[in-house]
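Would you mind keeping the following structure in view while I ask a few things?
The values are calculated or read from the model by the stated rules, or taken from the named source; none is laboratory data. Everything quoted here is computed from the prediction, not taken from an experiment. FYI the Cβ positions are ideal-geometry reconstructions off the backbone, even for glycines, and counts take in every protein chain you see. These accessible areas exclude ligands, DNA and RNA; they are computed on the full protein's heavy atoms, side chains included. Shrake-Rupley method; radii C 1.70, N 1.55, O 1.52, S 1.80 Å.
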Amino acid sequence: WVQSWNFKVDLTLVNNGYEGLLRIGQLRPDVVVTDLMMPGMDGFQLVRSLKSPNLGFDSLKLVVVSALSRQDIQNRGGLPEGVDIFEKPIPFDRIEAIVLHEVQHLTASRARALAEAELANNLLIEI
């Protein structure tokens with residue numbers, strides 16, 4: 001489904017939350033889309049782990065897609081603030097919009113950081 005998007009996406013698929021947590025730690029993605037119902041470590045544990053303080057994933061955008069209703073999710077302890085939740089069927093157009101927004105935001109932030117670093121280098125060279 002991401003092949004039809006008008007921007008490049010590196011997509012990595014995993015089979016469970018534990019494998020997802022490992023891959024997220026290795027790849028450090030900008031956006032994670034996950035289901036809640038998975039074998040082993042489920043999506044609830046995955047999301048809560050990623051949103052734990054001081055793990056370095058504060059800026060990670062999390063999107064949950066689940067067959068569970070919002071009430072079912074709340075009955076299971078809910079999810080941390082800032083996690084986008086969608087009920088199945090998967091709303092690919094809405095997920096694309098979220099990912100595109102994150103790409104644009106990160107691109108702008110990284111461009112500002114590069115410009116600031118270049119300015120600092122120029123100041124150091126000119127002194």
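Could you work out which residue, out of 61, 51, 88, moves most in a Gaussian network model of the chain, that is, has the largest mean-square fluctuation with Cα springs under 10 Å?
Among 61, 51, 88, the largest GNM mean-square fluctuation belongs to 88.
Quick check: from the Cα gyration tensor, does the stretch 1-66 come out rounded (a/c under 1.5), prolate or oblate? Could you put the intermediate results ahead of the total?
Working: a/c = 1.83, a/b = 1.31, b/c = 1.40.
Oblate is the answer for the stretch 1-66, as a/c is 1.5 or above yet b/c matches or exceeds a/b.
How large is ³J(HN,Hα), in whole Hz, for each residue of the stretch 27-40 in order, when computed from phi with the Karplus curve 6.51 cos²θ - 1.76 cosθ + 1.60 and θ = phi - 60°, using x for Gly and Pro?
Going residue by residue, I get 8, 6, x, 8, 9, 10, 10, 9, 8, 9, 9, 9, x, x Hz, with x marking Gly and Pro.
In the chain, what percent of the accessible surface is made up of carbon and sulfur (1.4 Å probe, ligands and nucleic acids excluded)?
Whole-percent figure for carbon plus sulfur exposure: 54.
Right, another one. Restricting to Cα pairs below 8 Å that are 6+ residues apart, what does the relative contact order work out to for the chain? Please round to a whole percent.
Over the chain, the number comes to 22 percent.
Run lengths n ≥ 4 of DSSP H only: what is the helix-derived mean residue ellipticity at 222 nm for the chain, with -39500 (n - 2.57) per run over all residues, to the nearest 500?
Values: 4 runs with 60 residues, N = 127.
Calculated mean residue ellipticity at 222 nm is -15500 deg cm²/dmol.
Taking all protein chains together and a probe of 1.4 Å, list 87, 81, 116 from the most accessible to the least accessible.
Numbers: 87 90, 81 175, 116 120 Å².
Result of the area sort, largest leading: 81, 116, 87.
Same structure again: 5 Å is the cut-off here: which amide hydrogens, built 1.01 Å from N in the peptide plane, fall below it relative to residue 41, excluding neighbours closer than 5 in sequence?
Placed amide hydrogens put 17, 18 under 5 Å from residue 41.
Applying the Karplus parametrisation 6.51 cos²θ - 1.76 cosθ + 1.60 with θ = phi - 60° to the phi angles of the stretch 58-74, what ³J(HN,Hα) value in whole Hz is obtained for each residue in order, glycine and proline being reported as x?
Here the 3J(HN,Hα) series is 4, 8, 5, 7, 10, 10, 10, 10, 8, 7, 6, 6, 4, 5, 4, 5, 5 Hz.
If you don't mind, there's one more thing I want to ask. Computed FRET efficiency, Cβ-Cβ of residue 115 and residue 69, R0 30 Å: what is it to the nearest 0.05?
Efficiency at R0 = 30 Å is approximately 0.10.
Also, I was wondering about something else. For a test of the definition: using alpha carbon positions, the gyration tensor, and the 1.5 limit on a/c, classify the chain as rounded, prolate or oblate. Walk me through the numbers before you get to the answer.
Numbers: a/c = 2.42, a/b = 1.86, b/c = 1.30.
Taking the square roots of the gyration eigenvalues as a ≥ b ≥ c, the chain is prolate.
Would you work out if the stretch 29-96 is rounded, prolate or oblate? Take a ≥ b ≥ c from the square roots of the eigenvalues of the alpha-carbon gyration tensor; rounded if a/c is under 1.5, else prolate when a/b is larger than b/c, oblate otherwise. Don't jump to the answer; show the numbers that get you there.
On the way: a/c = 1.72, a/b = 1.19, b/c = 1.44.
Verdict is oblate for the stretch 29-96.
DSSP loop chymotrypsin sites (Phe, Trp or Tyr not before Pro) in the stretch 1-109 with at most 14 other Cβ atoms within 10 Å of their Cβ, which ones?
1, 5, 7
On to the next question. Between residue 12 and residue 37, what is the label-to-label distance in nm when each label sits 7 Å out along the Cα-to-Cβ direction?
2.7
Tell me, what ³J(HN,Hα) does each residue in the stretch 97-107 have, in order and in whole Hz, if you take phi through Karplus 6.51 cos²θ - 1.76 cosθ + 1.60 with θ = phi - 60° and put x for Gly and Pro?
5, 5, 5, 4, 4, 5, 4, 5, 5, 5, 4
Under a Cβ-only charge scheme (Lys and Arg +1, Asp and Glu -1), can you give me the dipole magnitude of the chain about the Cα centre, in debye to the nearest 20? Working shown, then result.
Values: 12 positive and 16 negative charges, 47 e Å.
Using Cβ point charges on Lys, Arg, Asp and Glu, the chain gives about 220 debye.
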